[in-house]
Amino acid sequence: MNIGVFISARKPADGGGFTLTKDLFDQLIHSSDNKKIFFILRDKKNNYFFKKIKEFGYKYIITTESKLIIFIKCFFFRLFNRCILNNKIDIFLSKNSVKCVIFLSSENFYPLKVPYISTIWDIQHYTNPNFTETGSFFIKIYRHVVTKVFIQNSTKIISGTNVGINEIIKYYNVKKKSFYKLSHPTPKIFLNIKKSKKVSNLFKAKPFFIYPANFWEHKNHLFLLQAIKEINLYQKNKINLVLVGSPKILNYYEKIKKYIFINNLNKNIKMFKFVKLSKLIEFYDNSHGLIYASTSGPENLPPLEAFARGKNVIIGNYPGAKEQLKHNANYFNLKDLSSLKKKILNFNLLKSNKLIKYARSKSTKNYIDKLFFLIEKDFND
């Protein structure tokens, strides 16, 4: 059976979205017959995907349609229940007798004539709308039109948790039988690379926590910094923290830097922009553990990365967190600063072997194998 695979134009600086997409892509191209997989590549801005597709000899098509064009096509689809504009993707898929298309990562796109499987990691414009990146007027309009049309016309939808599935059902009126439940896999590199032998001197060899998250408002950095500030006012042994991420909202990024400076936290908080995965793993390996302060899920990748390195996790109790991580993490109340402070001061350490075992149970191979098993069952005539 011929299958199409849509690859997003994600870049390394996008963080977990790129890491997850790349891991699934790598597993796919190394385990599939290149005569049966046909790629739709959204732009060539990330040469990694393009080079690998050509290297392995897969047939492909490149689409450079802007968000405006996608919005227009979805708008017309909503009015007339079909795309009335010429679509070279549909022509490519028809020519190669493709039975279905997998959107390998979470994507906002327009419906295709061929049955397709969308991947939805979250719908924050509904579930977490009180931030610039999720609740601005134009984002709401765009996602209301594009996401709704795209999801409702999916033949199947990939979501990783019951929480996520129920949120999509609630806001998009789709049937529960439309879903493939496939949870985030642990990126292979975090499981396979050897433990870093480099010893960090960031805090003169003193323990530190790590929080890798791009600087979006919903990542809740200031809440975490406030907790550390209040702890350090009374603690002899100060809490140290490494922040890593791309500054997605510059005003927010500058606000964080100002907060650190005004509250004299420079000695205890170190900020890094985008770093390579090898450097990020080095931070993990030298850290005391991960504090993940984000306000939203239902799934996130850094806790699995931390588990893979044998590191314990403190995480907010957003909907979906406990479903993803079970009893392997320390949960705090996102609405109660004292709850976070208590978790930091009384860090409940689980055995590294248990955490690594859990991370390994979430393999990329299992994800792809299960996905293709379901596709063969549902789409093979």
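Overview of values
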item: Members of the range 347-372 that are of a type in the set (S, T, N, Q), open to solvent by 40 Å² or more (accessible area, probe 1.4 Å) and outside any loop (DSSP other than H, G, I, E, B); result: SER352, ASN353, SER361, ASN366
item: Residue satisfying all of: in the range 26-55; of a type in the set (A, V, I, L, M, F, W, C) and farther than 20 Å from CYS100 by Cα; surrounded by the fewest Cβ atoms within 10 Å (Cβ to Cβ) among these; result: PHE50
item: Selection status of VAL145, hydrophobic (A, V, I, L, M, F, W, C), without any contact (Cβ under 8 Å) to a residue 24 or more places away in the chain, farther than 19 Å from THR21 by Cα and open to solvent by less than 40 Å² (accessible area, probe 1.4 Å); result: no
item: Residue match in the range 322-337 (condition: surrounded by fewer than 22 Cβ atoms within 10 Å (Cβ to Cβ) and of a type in the set (Gly, Ala, Ser)); result: no
item: Sole exception among (1) modelled with pLDDT of 95 or more; (2) out of contact with any Pro (no Cβ under 9 Å at 6 or more places or on another chain) for LEU304, by number; result: (2)
item: Residue within the range 57-73 that is of a type in the set (Lys, Arg), in a loop (DSSP other than H, G, I, E, B) and under 23 Å from the mean Cα position of the chain (by Cα) present; result: no
item: Number of positions in the range 10-25 that are within 16 Å of LYS54 (Cα to Cα) and either open to solvent by less than 30 Å² (accessible area, probe 1.4 Å) or of a type in the set (A, V, I, L, M, F, W, C) (or both); result: 1
item: Strands (runs of 3 or more DSSP E) enclosed by the range 163-274 - at least 3 residues per element that are open to solvent by less than 30 Å² (accessible area, probe 1.4 Å) and touching a strand residue (DSSP E or B) at 6+ places or on another chain (Cβ under 8 Å); result: 209-212, 241-244
item: Among the residues listed as ILE375, ILE291, ILE315, the single one being touching a residue at least 60 places away in the same chain (Cβ under 8 Å), closer than 17 Å to PRO212 by Cβ and either under 16 Å from the mean Cα position of the chain (by Cα) or not in a loop (DSSP other than H, G, I, E, B) (or both); result: ILE291
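Residues are listed down the side, and each one gets a yes or a no for (1) open to solvent by 20 Å² or more (accessible area, probe 1.4 Å); (2) touching a Pro at 6+ places or on another chain (Cβ under 7 Å); (3) among the charged types (D, E, K, R); (4) under 22 Å from THR63 (Cα atoms):
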residue: ARG78; (1), (2), (3), (4): yes, no, yes, yes
residue: LYS88; (1), (2), (3), (4): yes, no, yes, yes
residue: PHE92; (1), (2), (3), (4): yes, no, no, yes
residue: ASN108; (1), (2), (3), (4): yes, no, no, yes
residue: TRP121; (1), (2), (3), (4): yes, no, no, no
residue: PHE150; (1), (2), (3), (4): no, yes, no, yes
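The values are calculated or read from the model by the stated rules, or taken from the named source; none is laboratory data. In this text, all values refer to a predicted model and were calculated from it rather than measured experimentally. With ideal geometry, Cβ positions are generated from the backbone for all residues, glycine too; neighbour counts draw on all protein chains shown. Surface areas here come from the heavy atoms of the whole protein model, side chains and all, with no ligands, DNA or RNA. Shrake-Rupley method; radii C 1.70, N 1.55, O 1.52, S 1.80 Å.
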